[in-house]
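Undergrad: Dumping the structure here so I can ask a few things about it.
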Amino acid sequence: MFGSLAPVGLDELLRVAELQTRVDRKYLVDREDVAALLRDAGGELAVLEIDRCRRFDYESVYFDAPQLPSYLATARSRRRRFKVRTRTYLDSGQCMLEIKTREGAATVKRRFAYALGDRHRLSAEGRSRIEGSGAVPVPAAALGPVLVTRYVRSTVLHRPTGARLTCDTELRFEDFEGRVGALSPEVAVVEVKSPGASGPLDRRLWAAGYRPCSMSKYGTGMAFLNPGLPANKWNRTLRLHFGWKPGRLIWV
């Protein structure tokens, strides 16, 4: 899918486009269209390559309180919302604790190195990081693991603007009660991450007929596995790409 692109190393990618504060736009794209969308005649694009590999296995574990304030704030499009998760790069075994907040249109992400063996729980150090961030409006002690997502990611850098495009395939999720779900294997989750307004990567997608859509791995995963949760925000996405059928909505 990305074999024609020049490689870029992780150090250069982070130097040019770390983007811890950014604007994100997600697209659900037919996998067979991705290669054509990323043809590069001008040398503007490069794909992350580590040890000759361009596709990497990811795992994320999301944490929420029993009343699901993180989920509900996203489902109801609150201006100020948060996510707490661990992210594990399964190929290397590196794990990070991430705190993401939404402030207006911008996403702010704080990241801390985290013990691999603790990725499915919040250790004392993890709770301390959360409390110290000042970004999470509920006590860290109230947060517990609620959802695991796994997928395969490739990352493309647009050198002139410093924007990044990530392409996630084979998305699967499961909760801690044994329920599982998956995105249609013919569909890729493509996300454009940029310092601000839309740019050339977005225009490529628009020209091919794709438009930004409401897609949150945490939100859609939770809604799919828990059909009683409010899911209007992701209703169309869930029906078209997850084979989802709504249950009785419980507005809490």
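The values are calculated or read from the model by the stated rules, or taken from the named source; none is laboratory data. This is a predicted model, so every value here is computed, not measured. Using ideal geometry, Cβ is built from the backbone for each residue, glycine included, and neighbour counts are taken over all protein chains shown.
Undergrad: Considering each residue of region 52-61, count those that are more than 14 Å from Ser154 (Cα to Cα) and over 11 Å from the mean Cα position of the chain (by Cα), and give that number.
TA: Summing the residues that are more than 14 Å from Ser154 (Cα to Cα) and over 11 Å from the mean Cα position of the chain (by Cα) in region 52-61 gives 1.
Undergrad: Here's another thing I want to ask about it. If I ask for residues that are closer than 13 Å to Lys83 by Cα, outside any loop (DSSP other than H, G, I, E, B) and not polar (S, T, N, Q), which ones from region 130-147 would you list?
TA: Ile130, Ala140, Gly144, Pro145, Val146, Leu147 - these are the residues of region 130-147 that are closer than 13 Å to Lys83 by Cα, outside any loop (DSSP other than H, G, I, E, B) and not polar (S, T, N, Q).
Each row is one residue, and each column tells you yes or no for (1) touching a Phe, Trp or Tyr at 6+ places or on another chain (Cβ under 7 Å); (2) more than 20 Å from Gly219 (Cα to Cα).
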{"site": "His120", "(1), (2)": "no, no"}
{"site": "Ser128", "(1), (2)": "no, yes"}
{"site": "Ala135", "(1), (2)": "yes, no"}
{"site": "Ala142", "(1), (2)": "no, no"}
{"site": "Val146", "(1), (2)": "yes, no"}
{"site": "Thr166", "(1), (2)": "no, no"}
{"site": "Leu171", "(1), (2)": "yes, no"}
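Undergrad: Right, Ala208: modelled with pLDDT of 90 or more and buried (at least 21 other Cβ atoms within 10 Å of the Cβ) or not?
TA: On the way: modelled with pLDDT of 90 or more: yes; buried (at least 21 other Cβ atoms within 10 Å of the Cβ): no.
In short, no.
Undergrad: In this structure, does Gly43 turn out to be loosely packed, with under 13 Cβ neighbours inside 10 Å, at positive phi and free of Cβ contacts under 8 Å to residues at least 24 places away in the same chain? Talk me through it step by step, then tell me what you get.
TA: Numbers: loosely packed, with under 13 Cβ neighbours inside 10 Å: yes; at positive phi: yes; free of Cβ contacts under 8 Å to residues at least 24 places away in the same chain: no.
Taking the combined requirement at face value, the residue does not satisfy it.
Undergrad: Tell me, yes or no, whether region 220-237 has at least one residue that is part of a loop (DSSP other than H, G, I, E, B) and within 22 Å of Asp40 (Cα to Cα).
TA: No - not one qualifying residue is present in region 220-237.
Undergrad: Just checking, which of Arg127, Arg164 is outside any loop (DSSP other than H, G, I, E, B) and touching a Ser or Thr at 6+ places or on another chain (Cβ under 7 Å)?
TA: Every option except Arg164 fails the conditions.
Undergrad: Return yes or no: is Leu238 surrounded by 14 or more Cβ atoms within 10 Å (Cβ to Cβ) and at pLDDT below 95? Step through it out loud before you land on a result.
TA: Working: surrounded by 14 or more Cβ atoms within 10 Å (Cβ to Cβ): yes; at pLDDT below 95: yes.
In short, yes.
Undergrad: Evaluate the following for Val136: is it closer than 22 Å to Glu170 by Cα and either out of contact with any Gly (no Cβ under 6 Å at 6 or more places or on another chain) or at pLDDT below 95 (or both)?
TA: Details: closer than 22 Å to Glu170 by Cα: no; either out of contact with any Gly (no Cβ under 6 Å at 6 or more places or on another chain) or at pLDDT below 95 (or both): yes.
Considered against the rule, which asks whether it is closer than 22 Å to Glu170 by Cα and either out of contact with any Gly (no Cβ under 6 Å at 6 or more places or on another chain) or at pLDDT below 95 (or both), Val136 comes out as no.
Undergrad: Kindly establish whether Pro145 is closer than 30 Å to Ala188 by Cβ, in contact (Cβ under 8 Å) with a residue 40 or more places away in the chain, exposed (fewer than 14 other Cβ atoms within 10 Å of the Cβ) and not acidic (Asp, Glu).
TA: Answer is no for this residue.
Undergrad: Is region 176-195 home to any residue that is more than 27 Å from Arg239 (Cβ to Cβ) and touching a strand residue (DSSP E or B) at 6+ places or on another chain (Cβ under 8 Å)?
TA: Yes, region 176-195 contains at least one residue that is more than 27 Å from Arg239 (Cβ to Cβ) and touching a strand residue (DSSP E or B) at 6+ places or on another chain (Cβ under 8 Å).
Undergrad: Here is a follow-up. So, Leu171, is that one farther than 20 Å from Glu98 by Cβ, in contact with a Lys or Arg (Cβ under 9 Å, 6 or more places away or on another chain) and part of a strand (DSSP E or B) or not?
TA: No: the conditions fail for Leu171.
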